[in-house]
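The values are calculated or read from the model by the stated rules, or taken from the named source; none is laboratory data. Computed from a prediction, not measured in an experiment: that's the story for all the values here. No Cβ is skipped: glycine too gets one built from the backbone with ideal geometry, and neighbour counts run over all protein chains shown.
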């Protein structure tokens with residue numbers, strides 16, 4: 001799996017170059033932009049205005065419902081649960097088999113970071129879907145089928161109801177985290193698979209790069225399963241959350257730089273090698289690739305909601 005081992009990366013002269021300076025500018029600029037987007041658009045509204053506060057509570061309620069309810073009313077949440085469990089088991093089997101075959105060095109690869117996050121996403125989603133199914137089943141049994149669709153503002157009038165409201169807010173918080181994971185890994189999967197199939201596979205196969213079954217499987221299954229979950233779920237996809245995608249890649253690059261500053265080892269991707277003449281250009285290209293990769297998935301989600309709202313106007317449901 002080792003691809004590139006060039007200059008001694010533990011030598012200070014490797015880093016004190018104009019190429020590293022430019023690459024660092026690209027990486028830290030991405031992190032600054034991402035942090036600004038999160039600061040500007042993310043989080044709760046701290047306004048004391050009563051109407052805005054209640055609206056914020058309703059938004060948090062939506063996070064809870066979106067985490068486990070399908071986008072079509074006729075589809076029972078148990079089908080989304082089943083899909084997520086099967087996806088989780090498939091990805092877990094693929095990941096553990098790959099690690100058992102090639103060792104923990106796989107975590108030098110962005111692909112393995114992405115695969116691990118997608119696996120965790122489906123495991124986390126399975127837990128939230130199971131919670132949603134149990135919650136819906138309980139309400140059907142007591143004859144209040146529509147209770148789970150009531151906004152949280154209806155549940156904050158008494159002390160006994162306050163505890164119930166706090167429970168739903170906790171569930172909504174985890175639904176909120178789940179949505180961020182979905183939006184982050186969607187871009188990461190698109191970047192991983194597109195770079196692999198467009199850049200790495202065609203060019204590195206020529207020089208003897210391994211194209212084993214598990215490698216191809218890992219660069220295909222994640223996207224297929226994520227698209228399947230996207231078709232079923234009712235998660236929103238705001239464009240500003242490209243910020244988490246940018247931070248993920250930036251942390252990966254910082255991880256690689258940190259490791260190589262202490263250990264002179266191989267670069268998992270040749271274009272990460274800062275000794276290359278065109279290293280700053282490669283870093284800039286990869287940074288810019290985040291925009292089309294995230295935009296493609298953004299368009300897919302928007303098209304899904306547009307088509308379903310017109311093909312199934314009676315059964316289509318959206319919480320936004």
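Laid out as a table, the results:
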{"item": "Scope segment 27-42; condition at pLDDT 90 or above and either closer than 17 Å to residue 283 by Cα or surrounded by 13 or more Cβ atoms within 10 Å (Cβ to Cβ) (or both); matching residues", "result": "27, 28, 29, 30, 31, 32, 33, 34, 35, 37, 38"}
{"item": "Residue 24 more than 30 Å from residue 99 (Cα to Cα), modelled with pLDDT of 90 or more and under 21 Å from the mean Cα position of the chain (by Cα)", "result": "no"}
{"item": "Single residue of 117, 169, 152 found to be within 28 Å of residue 37 (Cβ to Cβ), touching a helix residue (DSSP H, G or I) at 6+ places or on another chain (Cβ under 8 Å) and modelled with pLDDT of 90 or more", "result": "117"}
{"item": "Filter result for residue 246 (touching a helix residue (DSSP H, G or I) at 6+ places or on another chain (Cβ under 7 Å) and under 23 Å from residue 308 (Cα atoms))", "result": "no"}
{"item": "Output for segment 234-267, where each listed residue is in contact with a strand residue (DSSP E or B) (Cβ under 8 Å, 6 or more places away or on another chain) and closer than 30 Å to residue 12 by Cα", "result": "256, 260, 266, 267"}
{"item": "Single condition residue 182 does not satisfy, out of (1) part of a helix (DSSP H, G or I); (2) modelled with pLDDT under 90", "result": "(2)"}
{"item": "Residue check for residue 262: in contact (Cβ under 8 Å) with a residue 24 or more places away in the chain and exposed (fewer than 14 other Cβ atoms within 10 Å of the Cβ)", "result": "yes"}
{"item": "Helices (runs of 4 or more DSSP H) within segment 213-320 that include 1 or more residues under 21 Å from residue 25 (Cβ atoms) and modelled with pLDDT of 90 or more", "result": "242-262, 279-311"}
{"item": "Answer residue from segment 278-294, given it is surrounded by fewer than 18 Cβ atoms within 10 Å (Cβ to Cβ) and free of Cβ contacts under 8 Å to residues at least 40 places away in the same chain and is nearest to residue 14 (Cα to Cα) among those", "result": "278"}
{"item": "Near pairs, Cβ below 6 angstrom, 6+ apart or cross-chain, from segment 18-38 (touching a residue at least 40 places away in the same chain (Cβ under 8 Å)) to any residue that is outside any helix (DSSP H, G or I) and surrounded by 16 or more Cβ atoms within 10 Å (Cβ to Cβ)", "result": "19/274; 20/274"}
{"item": "Selection count where residues are closer than 28 Å to residue 197 by Cα and in contact (Cβ under 8 Å) with a residue 40 or more places away in the chain, scope segment 296-320", "result": "7"}
{"item": "Residue match in segment 59-74 (condition: farther than 23 Å from residue 126 by Cα and modelled with pLDDT under 95)", "result": "no"}
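Quick grid of which residues meet (1) closer than 22 Å to residue 251 by Cα; (2) in contact with a strand residue (DSSP E or B) (Cβ under 8 Å, 6 or more places away or on another chain); (3) crowded, with 17+ Cβ neighbours inside 10 Å; (4) modelled with pLDDT of 85 or more:
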site	(1), (2), (3), (4)
87	no, no, yes, yes
95	yes, no, yes, yes
102	no, no, no, no
132	no, no, yes, yes
145	no, no, no, no
